[in-house]
Structures are given as structure tokens and as C-alpha cells.
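Bear in mind that the values in this text are calculations on the coordinates, not laboratory data. From a predicted model like this one, the values you see are computed outputs, not experimental measurements. Here the Cβ is made from the backbone with ideal geometry for all residues, glycine too, and neighbour counts use every protein chain on show.
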Amino acid sequence: MSNTTHHPSDEAWDPSDDGTWARRWIESVRDRALILTEADGSIRWWNLGAVALFGYTAAEVDRQGLARLCPESSQTLLAALLAQAESAGAAEGEMECLRRDGSRFWGLVNITPLEVQGQRRYGVAIRDLSERKAAQEALKRSEARYRTTLQSIGDAVIATDAQGRVELLNSVAEELTGWTAAEAQGRPLEEIFRIVNEETRQPVESPVRRVLREGVVVGLANHTVLLRRDGRPIPIADSGAPIRDDQGRLAGVVLVFRDQSAERFHERRREAERRLLEELSRGRPLHLWLESLCREYQGLYPEALASVLLLEGNRLRHGAAPDLPAEYNLAVDGVQIGPTVGSCGTAAFRNELVIVSDIATDPLWDIGRDLALPFGLRACWSIPIRGRQGEVLGTFAVYYRTPRSPQEPEIADLERWADIASLAITGFRDRQALEESEEKFRLLAEESLAGVYLIQDGRFVYINNAIAQMYGSTREETLALPSALDVVAPEDRAMVAENLRRRLSGETVSLRYRFRVARRDGKIGIVEVMGRRIFFQGRPAVLGTALDTTEQYQAEQALREREEFLRSLIRSIDGVVWEADPHTFRFTFVSERAEKLLGYPVQRWLEEENFWANHLHPEDRDQAVQFCQSATARGEDHTFEYRMVAADGRIVWVRDYVTVEKDAAGRTVALRGILVDITERKRLEAQLLQAQKMEAIGRLAGGIAHDFNNLLTVILGYSQMLLQRLPPAEGGRELVQTIFEAGERASSLTQQLLAFSRQTIVEPKLIYLDQLIHDMEKMLRRLIGEDIVLATASAGRLPPVRIDPGQMSQIILNLAVNARDAMPQGGRLTLECSTIELDEHYCRLHPQAQAGRHVCLAVSDTGIGMTPEVQERIFEPFFTTKELGKGTGLGLAVVYGIVRQHGGHIEVYSEVGHGTTFKVYLPAVQEPGWRELSLVEETPRGHETILLVEDDEAVRGLAQTSLEMYGYRVLWAADAAEALRLVEEHAGRIDLLLTDVVMPGMSGRELVEQVRQRQPHLKVLFMSGYTDDAVLRHGLVHAEVAFLQKPFTPAGLARKVRDVLDASR
């Protein structure tokens, strides 16, 4: 044998005796390994296919056992195949094989016993099955994704094989049929999917059978009812489509169907409304029509017992209640309405819906419970029937024999039925007042929920507003049309014209039909009409009603498009759908949205081995990977949030919903999930957290300021008294002056704290920001220095804003000082005013903002700018970037507090090295005008009697001394109770009540109310050391209340008291 053939031990075994056939066989086969062995399994022949498949040369396998070509796990199977070949003459099976390099592969092994030169041999053929195995695994993964998708869609889906046997049910199909997927597996479809005609209840051919028979897509079937496993009927719409294999052969059918119970209920309700309106238009007597109203409602809700009571004066009279006991109807006839007279009496009295879920326990039925319970009535919901002006005409009520509360659709239907009843009762009363039937018809038609029309000589003679709305035009425009067919879409005009002709000629045609209308806005609507031939003014005409069924038609169209929708479902998910290896986390599938999320192409996600971990934010990487590994190891589905880094460097927050997929043995085989971008949500959460933080700091600041104000009142008051008494040359006067000045600085600091916490008493006035900036321009130029250019601008005439002028000036000064300090080398400061409309979108991005018209003050500098970290904290009190001793850190905090107190908000925009802009938004006011401030230059005296009420002994002593020093007579009390005793006991006149706002027991406001019952014209001056929400609760934060802020000086107290006493004299 030549060197190109591979057969060990040529010298020991020469097959040439009969057979060049062996050599040709061995040499001609290249796609599989062909091996000849001795009876004991030792290898004698070895072709080129074997060399290529296993990697051994002929010498390496010479005399080696066949078992060398398979791992230990396959040894038993190899032995079994050899035994089977010996007994059966041949054997074949799939077995894992082992290459020289240690790699493994699946092979199809065929063993045939041979007789060579009278000796027993074995011919072994091995073919590589690697590609087929890979294809099978890929098919399994694809089927798993397909099943997951089917389980997630909203419609029911059943798949069958080519014989109509069930292969798959999704969860919706399980719910609707009552069969589980496991129970239905392999059963004939007709056993699982039993359908009948909705009207005849006769069996209907399954769409699947038509698809199997004709091989085409079968469209929707109308009026079909699915009989659940428990026998309950469910109205459905269904369709079927063929499933074909890669050869185009019919391999099965997919059936898609959905529950139409809600649609059928809406159809029944529309039909009930139509019947009621038809009876109404025919002038049926009111009491009979009201019975129909009740029965139609009971047809929709079989457990309900409907009732109509009509209001006469202040009593309810029986209208209709066809299925309530006659004795009960008689008992409630004539009941007087009131606030607690059952459901109906209360609803009529209150003119509002009254829901009583259990008559046995509801206090509204304390009167009347003994009437209802003996007849088994346990729940009653009643709604007033209102007339055109909202007046109560009666009540529509439904009773139930078991306690229950209504669902939202039931409440909506109560309202609809009350509206329809209103139309009937109003129409009946109109007919009593009018003598001619034509006028009665017009009034009823005008109020109809359905469209009403009258066609004569091809034109509209009459239409109501509902008809005009259906056609998208006015009544006048529609009536002016040359032909009634002008409103019909061109495609349907011939059909409508023929129906009108036949109806006018007296022929019998369908009472009801549907056609398309061409609306003026270019849209196509669907109208369903019903008409009858009448004689109007002696000539034939068609009188009919119409309903806009566009939404119903669109719903049907949407159902027909459902199949297409399902195919695009995955593409439309707002997130990245992915699949990954559970061990390496390498992505095996990602949806197209992956590129939009991070900016990397889909191929990059799949090819990069550690793409997920590599693109996690460094601070989140270890925790996220560890969490996912731990949850995966436990086999638990999990959801977690983390940050990723996009291709352009953006930080993207994501929420990852992960499902752990397992095989039949419970082993984790894949991870599947959805990545959702939550960056915007995180940003809004951070804004809300910052706002809450500022509010908390503000409340703390206000509380601290209160305690300081009480102390400073005493310090400043007595200091001022000492200064007034000490001669100018007195040696101690300078020390007292120093104490007084330190107290004033402390008072200024507490006022800034109160301004930041939005707890100051303000005197808002209407001001124009551009005028205020103009008035402050000279002062601002001196403030910022000569090396900074000041520019001001205004976008036209601005509306005024309502704000305390002093606090507005403080905002401008604080921002100007802040800008000046940011430009140590000089620069440009710009103050610009404009009017802006803040919409809902802006307010969603800025939670503190309110929608509406605002005046915007923009303060911009060309300074050093701020980092994002500094911007996050600039409004915090005591936070400053200035050197020690050069800033308190309250300037911007005060600005923030003032702006928020006046209903505005502030935003900052800054870049390092490019400057900063603060934008203050204040609500605009429509009416112009302002009030001038008046200053009192001197400290007046008085002689009146003042009742002083203060719980702080030191402050009370100072106030008493101060007032007496300026000539007033003072009665004092430590609390409200003591003050009331003084008022009772004092025989003379009390001219002024000076009281603290917040005191133990009774508050200042409550004390004023008590005293004014005895002395209505008593003047009042409130004082307080702080104005937090305790003061707000007492209604004092407005400019009209006389209020004195602590700390105060004796002179300040005297001036304020004089102002209050002199007011309105």
C-alpha cells in the first residue's frame, strides 16, 4: 500500500488477496473516519478522514485499542455498540469522542462485523456531528426566546402541529380556556378551544381547521363564543395563520384570540341607549319609559334592582321600580328629603351621588333601615337626576341584595342613566308645556346624546348638534349643503343614496347600516344610522338617528392589526432587551436600543467579551458584578440599579430587570432582562432631595432665630435705656454703646436666618423690577467698583411683581456682591429683566417652579465660575468658598429664602472660567400700582392704657418699662388666662392689647378673639420672636396685621404702639 494510505502494520496484514476494494474504500472517503480493527478492538486500518478528525498519525494508533478514541464517560456506550454489532450484525449510535489535543466532539458511530481472510474484524465509521449539535442548541435557545415572547403579549396564543394537536398555550390562553399548557399538550384543538355561535350556540368550525385545510391566513370571526373548561362562555375574536418549515411545508398553525367581554358590554349598552332614545323619540308615556330605563340597566347589571323617584317639592314620589317589591315602593312613596334620609332622600337633598355599601350599618339609613332589610335590600347607590340648570328632578338608584361598593364603570353608568333620565323627564315636562309636536320634537332632539336628522328632497331639513359634530362642521354649514350625500365619503355615496331612495319609495331595507363620513378636517369618521320613512309637511322624508361609531371601528381595526403589532412588540420596548451567558455575563443578544443607550453599536456589545463589566461606572463595578453573581448563583430573578459609562463619556443610570432561565434539571442556562434608562428620574430625585434638605435647614434656622430674638429684645432694650440715661461724658457709655451695636449685628444675623427660612413678616407691594434696578444703579456702581462694567437691560415693558421692596433690594445687592467677589481682576456685571411663560414641561424638570407668567431677573458675571460640586451647595446657609472672615455664607441662602417666600424660584448656570448667571423667577401680577413706604423719624409719647401679655418675664419687664417710660399706663399679664381676668376686673378703658403670638395654653390670636367679644373696637398689636409655621397657622403673615418683630428697642416699640393707636382715627 502507498504512503498516502493510512493502515498500520502493512507487513502483518496484506488485504490484497481479494481485495483492492478495501484500499479503494479507505482512500476514497474524506468526510469521515473509517477504521478496521481486530476482533479485540485494536486498530489495524486508519484512513485520511480519521487523521483529520482525530489528529493521530497511523503509527500513533497502531495496535491501540478503539477505546483510546473516546473519553471514559463513553467507554460503556462503545462496549455496548460492539456487543450490539456482534449480535445484530451492525450497530449505530451517537457518542462523545476524544481528539489527540484533548478536545471532545459528538460523533455518529457505525460498527459493522467483517470476515477478512477468515478472521473476524470490525469496520468502524465515525462522522462529526458538531455542526448539527450546535444547530440543535441554537434552535433550543431560539424556541426559549419565542416562548418567553408569547408569554408576555396581551392576547391569547395557541400553537398546534400539522394535525391540529396543541403544542403551546401562553398564559392568557390558559386563563381564557381554563386549561394549563401541560394539560393541553398533545390534545386535539377542539377539545381545548370549544367555540360556538354567540346567537345560535351551535358549534363553529375552528379557524385552525380552515388554515390546515386551505393553508391561508383566516381573518377574524364575529359573534364567536369560547366555552371555557368550566363551561363559562366568553365572547372572543380570533384569527389563525399557518406555520411553515424551511421547505415551505405546513408544519402547524398559530391561533390568536382575545376576550371581547368588555366590547360586547359596550355594544349592549349602546343598544340599550339607542332603544331608550328611540322610545323617547316616539313619545312613549313617561312612566312606561322609566320602567324601560330601569329594565335596560338591569339587563346590563342582572343583580341590580333599579328605581326612579321624582321630586315634587321636598318629597320624592314613585316613578318606576319594576322589580322592587310593591310594598317597599309604596312605603317610600312621598318620603321627605333630608341630610340623612337613606340613599335617595340624601342624594336629592345634597344634589350629589350617595353610595351606601351596607344598609344594615350605614347611619344614613337609620331612618328607613327597617323598611329595606325585610325585603333583603342591603346596598343602595343613588344619584340625583338634574335638569338643565342643575336643579334636582329626582333620583336614579340601584339596590343590591348583598353589601357591595361600585366600581368606576358602574359609577359612570349611573351618571349616564341619570343623564338619559334627565332627558326624558325634561322632555316630558316640556311636552306638557308645549302644544305642538314639532316643537316638542325639536327640544328633545336638541338634548339627545345621539344624532337626529331629517332628510327631504335629498337635503338635510333638520339636524341636531350631535350630527354636526359627527361631520366636523356647524349646523348652519351642514344644513346649507346642496345634498345630504356631501357629508358621505365618496366610496360609500352610492350605497347611501340607494338606501335613501328605497326608504323613500317605501321598500323594505335594513333599518340600520354604517358608512364613512368625510369630516371637514380631512379625517374619516364612521357613522351608524337608523332611519324611518315619515311624511313631513305632506311629503315623504326620512327621520333617523345616528351614532358616531368611529372609536368602535378603530378598535376593530386595531384588532385586525394585532398580529402585526405582536411582531414589532420587542422592537418597541422602551429599554434594551438582552440575553447573556450566566457564567461569563457575555451578551448573546441585545435589541437595537442598545446603541441609543450607550452609543456603542450592537455588534460591540456582542463581540466584546466583558462588555458589561468594562462599561460599568468604576464606583459601581464591584458591587454590581458581585450582586449579579450572587443572585445568579442562587437562581433568583433580581432587579438592581447602577451607572454605566457611554461612548461619549456620559454617565447613564440604568435599572436592570434580570430573569434567570433554567433548564428542566434546574440548571441556570441563560440570563435575560431589560435595561431601562433612569437617568432623568435620578436627576429629579436629586433635585427633590436638595429641596427637602433646604426646607429642613430653614426650619432649624427659624427655631434658632426665635430663641435669639427673645434674648436680643432684652439686650437691645435695656442697652438703649442705659444710653438714654447716661450722660455723653460718662465713662461707661462707650461700653454700653458697644453692647448695643453688637446686639444690632446679632439681630441682623437672625433676620437673615429668618429670611432664608422664609419665616419673616413681609410687606409685599407691587413693584416693577426694571424701575427698581434703575433706581439702584448708582448704588450698585459704587458697590462693585470702577474695574467692573455694569450693564442693565429690559425686554420691553414688564408686568409688576408682588414682593417686599426691601427684600427685593437685598436680593439684588447680595447677587451683585457675589458677582463682584467672583471678578477680582474686574469684568462685566449684567442685570437683565424679561417676561417669560413657564410651561408644564419646564415645571416637571424644575419641581420648585410653578407654571404661569413670570418676570425673570438674570444676574450674569464674567468671573471665575463654579464647579458642579459648589453649585450643589451654594444655597446652603453658612456654606462659603471665601477666605475665613470674608463671608458668612448667608448671602445666597437669604436670596433663596426670600425668593421662595414670595412664590418664586431661582436657578444657577455656571462654568469654571466662563462666569455665572443667576436667574430669579417671580410670578407676574396683572394689576399695576404700588404703595409708598413712610418713615417715622421721632419717638412719640402717649397716655393711653395698654394691656401687655407676654410669657417671657425678661421681655415682659422690658416692654413694661419701655412703655411706661414713654408715658403709657401698663397692665401686664403672663398668659392669656390672666389677661382675660384683668379685662373683666379693670373698670377703665383699655386702648391697646399688646400680645405675644405663641404662648402656653391660649394663643395670641385666640386671646384677641375672646377680648374683642367684650371690647369689639379694641386695637391689637402682635409681637413674636419668630414666625415659623406656628405663626402662619394663626393667620398673621400678611401686611394688614399689626405686628412687631423681636428683637425690638424701646423707641421702636413706642413708635409701633403709636402707629397702631393713631391708625384710622
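For a footprinting-style exposure proxy, rank 269, 650 by other Cβ within 10 Å, fewest first. The partial results should precede the final answer.
On the way: 269 18, 650 11.
Taking fewest neighbouring Cβ atoms as first place, the list is 650, 269.
P(r) for the stretch 450-548, from all Cα pairs and a bin width of 5 Å, is 2, 14, 26, 29, 19, 7, 2, 0 %, short bins first.
The base-10 log of I(q)/I(0) for the stretch 762-923, evaluated at q = 0.09, 0.10, 0.20 Å⁻¹, reads -0.28, -0.35, -1.48 [Debye formula, identical scatterers on Cα atoms, solvent excluded]. Compared with the dominant Cα axis of the chain, that is its longest principal axis, helix 437-446 is turned about 80°.
Please determine, in degrees from 0 to 90 and to the nearest 10, the orientation of helix 261-281 with respect to the longest principal axis defined by the Cα atoms of the chain, where the helix direction is its Cα long axis. Computed tilt is about 60 degrees. Note on residue 350 and residue 251: the extension gain reaches 28.9 nm, defined as 0.36 nm multiplied by sequence separation minus the Cα-Cα distance.
As a footprinting exposure proxy, order 354, 196 by other Cβ within 10 Å, with the fewest listed first. All intermediate terms of the calculation are to be shown ahead of the outcome.
Values: 354 22, 196 16.
By the 10 Å Cβ count, ascending, the order reads 196, 354.
Which loop-located trypsin sites (Lys or Arg not before Pro) does the stretch 944-1032 contain, where loop means any DSSP state but H, G, I, E or B and the Cβ has at most 11 other Cβ atoms within 10 Å? The qualifying sites are 989.
Taking Rh as the Kirkwood radius computed over C-alpha pairs, what is the Stokes-Einstein D of the stretch 574-677 at 25 °C in a medium of viscosity 0.890 mPa s, expressed in µm² per second? List each step's numbers first, then the result.
On the way: Rh = 13.7 Å.
For the chosen part, D equals 179 µm²/s.
The stretch 151-199 and the stretch 982-1022 have Cα centres lying 82 Å from one another. With equal scatterers on the alpha carbons only and no solvent term, can you work out the Debye log10 of I(q)/I(0) for the chain at 0.07, 0.08, 0.10 1/Å? Evaluating at q = 0.07, 0.08, 0.10 Å⁻¹ gives log10 I(q)/I(0) of -1.07, -1.17, -1.29.
Please report, to one decimal in angstroms, the Kirkwood hydrodynamic radius of the stretch 896-1022 built from all distinct Cα-Cα pairs.
On the way: mean 1/r = 0.0542 Å⁻¹.
Computed over Cα pairs of the stretch 896-1022, the Kirkwood hydrodynamic radius comes out at 18.4 Å.
For the stretch 271-431, compute Rg over Rh where Rg is the Cα radius of gyration and Rh is the Kirkwood radius from the inverse mean 1/r over Cα pairs. Before the final figure, lay out the partial values.
Details: Rg = 14.4 Å, Rh = 15.4 Å.
With Rg and the Kirkwood Rh in hand, the quotient comes to 0.94.
Ordered by the number of other Cβ atoms lying within 10 Å of each residue's own Cβ, fewest first, 947, 139 fall into the sequence 139, 947. Coupling constants for the stretch 486-503 follow from the phi torsions by the Karplus curve (6.51 cos²θ - 1.76 cosθ + 1.60, θ = phi - 60°), and in residue order they are 5, 8, 8, 4, x, 5, 10, 5, 4, 5, 5, 4, 5, 4, 5, 4, 5, 5 Hz; glycine and proline get x. If the chain linking residue 201 and residue 787 were pulled fully straight, counting 0.36 nm for each residue of separation and taking away their Cα-Cα distance, it would gain 201.5 nm.
Across the stretch 203-271, the fraction of Cα-Cα pairs farther apart than 19 Å, rounded to a whole number, is 43%. Counted over all Cα-Cα pairs of the stretch 482-523, pairs farther apart than 14 Å make up 50 percent.
Taking the Cα atoms of the stretch 134-259, the ratio Rg/Rh between the radius of gyration and the Kirkwood radius comes to 0.98.
Using a/c under 1.5 as the rounded threshold, could you call the stretch 283-325 rounded, prolate or oblate? The axes a ≥ b ≥ c are square roots of the C-alpha gyration tensor eigenvalues, and prolate needs a/b larger than b/c, oblate otherwise. Spell out each step's value before the answer.
On the way: a/c = 2.69, a/b = 1.45, b/c = 1.85.
Because a/c hits 1.5 or more and a/b fails to exceed b/c, the stretch 283-325 counts as oblate.
Once the mean of 1/r is taken over each pair of separate Cα atoms and inverted, the stretch 287-373 shows a Kirkwood hydrodynamic radius of 13.4 Å. Sorting the segments 475-481, 391-397 by their mean number of nearby beta carbons within 10 angstrom, highest to lowest, gives 391-397, 475-481.
Our Cα-only numbers for the stretch 15-128 put the radius of gyration and Dmax at 13.2, 39 Å.
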